[in-house]
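Only one structure is covered here, and it is reproduced in the block below.
The numbers here are math on the coordinates, done by the rules we state, and not lab data. Everything numeric in this text was worked out from a predicted model, so none of it was measured. Neighbour counts run over all protein chains shown; Cβ positions are idealised from the backbone, glycine included.
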Amino acid sequence: MKILAIDSSGLVASAAIVEEDRVLGAFSVNNKLTHSQTLLPMIDELMKTAGIDPAELDAAAVAKGPGSFTGLRIGSATAKGIGLALNLPVVEISTLEAMAFALYGTDRVICPMMDARRGQVYTALYRFEGETLVNVSPADACPVEDIIGKINELGLPVIYTGDGFPVYAEKVRSLTQTDFTEALPFQNRQNAAALGTLAVRYLKEGKMVTADAHVPDYMRLSQAERERAEKEKSQC
């Protein structure tokens, strides 16, 4: 079983080829280039370097969101295109769940936190029960104070991860009332190898869709859609 995993939901563009028991190759780039410039060349080079023929792939996995609207569109379009061209299923995985899975083995509550702008974060709470990642609090776009409030109610040690932490670090540090730490740099951003490893589990469980059926989960309206809705509301 070989899965091509793609995550372009945030600032990092990441791709990996994963088998059941190993990562065959993984590329990640965190720079100012757009994902439209980096993702396809990255995948092409990854396939060549790993010595994998596209016909060997069994599925494409993609971070379905939440995240950057543009990044999600690029990642989803890429996964759909590859799936349609090669007749592959698509394994859809929450960006937040994949980020939490990258901290496999921790006994802390995991709080992935992505900067959603407008004073909000995309976030959720997870914890491992044995080898299984369990959702403790569902994904949401909310003020950072809201998720910290839920963490304080739990009263359990927590580990923060994601690009939202440095944005709201001062507030997180001042408001969190339980023991907390931040994930290390090699763990605290989107990681296609982690996403692909989780996708292997999903694929075995039959959690997949056709390439044609895949759509990203934006979680909230885009800025253009919000502005249009506000304009229409003001005209009523």
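Is it possible to state the helix-based mean residue ellipticity at 222 nm for the chain, with each DSSP H run of 4+ residues giving -39500 (n - 2.57), the sum divided by total residues, to the nearest 500 deg cm²/dmol? What is it? Numbers along the way, then the final one.
On the way: 8 runs with 89 residues, N = 236.
One gets -11500 deg cm²/dmol as the mean residue ellipticity at 222 nm.
Please give me the summed charge of the neighbours of K207: other residues whose Cβ is under 12 Å from its Cβ, Lys and Arg +1, Asp and Glu -1.
Numbers: positive: K64, R201, K204; negative: E92, E97, E205.
Every neighbour counted, the sum reads 0.
Out of T210, L154, L39, whose Cα points farthest toward the positive end of the dipole of the chain (charges: +1 Lys, Arg; -1 Asp, Glu; placed on Cβ)?
Going by the Cα projections, it comes out as L39.
Distance between Cα centroids, the range 175-218 to the range 17-46: provide it in whole Å.
Going from one Cα centre to the other spans 15 Å.
Name the residue, out of E19, E131, E145, whose mean-square fluctuation peaks in a Gaussian network model built on the chain with Cα pairs under 10 Å.
E131
Where does helix 223-235 land angle-wise versus the long Cα axis of the chain, in degrees 0 to 90, nearest 10?
50
Can you tell me the orientation of helix 144-154 relative to the chain, as the angle in degrees between its alpha-carbon axis and the longest Cα principal axis, to the nearest 10?
Long axis of 144-154 versus the principal axis of the chain: about 80 degrees.
When the label point is put 7 Å from the Cα of M1 along its Cα-to-beta-carbon vector, which residues of the range 188-220 have a backbone N closer than 13 Å?
196-208
With everything on Cα atoms, drop me the angle between helix 35-50 and the longest principal axis of the chain, reported from 0 to 90° to the nearest 10.
Around 50 degrees separate the two axes.
Among the trypsin sites (Lys or Arg not before Pro) within the range 83-140, which fall in a DSSP loop and have no more than 15 other Cβ atoms within 10 Å of their own Cβ? Walk me through the numbers before you get to the answer.
Numbers: sites: R108, R117, R118, R127; in loops: R108, R118.
Passing both the DSSP loop test and the Cβ count: R118.
Summing +1 for each Lys or Arg and -1 for each Asp or Glu, what net charge is found among the other residues whose Cβ lies under 12 Å from the Cβ of P54?
On the way: positive: K2, K48; negative: D44, D53, E56, D58.
Result for the neighbourhood of P54: -2.
Among the listed pairs K2/K80; K64/K171; K2/K207, which are separated by more than 24 Å between their Cα atoms? Show your work: numbers first, answer last.
Values: K2/K80 17 Å; K64/K171 28 Å; K2/K207 16 Å.
Checking Cα-Cα distances, K64/K171 exceed 24 Å.
State to the nearest 20 debye the size of the charge dipole of the range 132-225 about its Cα centre, where the only charges are +1 on K and R beta carbons and -1 on D and E beta carbons.
Values: 8 positive and 12 negative charges, 63 e Å.
Rounded to the nearest 20 debye, it is 300 debye.
Taking Cα pairs under 8 Å and at least six residues apart, what relative contact order does the chain come out at, in percent?
Details: 488 pairs, mean separation 58.1, N = 236.
RCO, the chain: 25 percent.
7 Å from Cα along Cα→Cβ at both D44 and V23: what's the point-to-point distance in nm?
The modelled label-to-label distance comes out at 2.4 nm.
E205 to D217: extension gain in nm, 0.36 nm per residue of separation minus the Cα-Cα distance?
Values: separation 12, 0.36 × 12 = 4.32 nm, distance 2.11 nm.
Working it through step by step, the gained length comes to 2.2 nm.
Say R0 is 22 Å: what FRET efficiency, to the nearest 0.05, do Q177 and E129 get from their beta-carbon distance? Could the numbers behind the result be given before it?
Details: r = 24 Å, r/R0 = 1.09.
Once the sixth-power term is evaluated, E becomes 0.35.
Count the DSSP beta bridges whose two residues both fall in the chain, then state the antiparallel fraction as a percent rounded to the nearest 5. The partial results should precede the final answer.
On the way: 26 of 42 bridges.
In the chain, DSSP labels about 60 percent of beta bridges as antiparallel.
Might you report the magnitude of the Cβ-based charge dipole of the range 103-182 about its Cα centre, with Lys and Arg at +1 and Asp and Glu at -1, to the nearest 20 debye? Each step should come with its number before you reach the end.
On the way: 7 positive and 12 negative charges, 38 e Å.
In total the dipole reaches around 180 debye.
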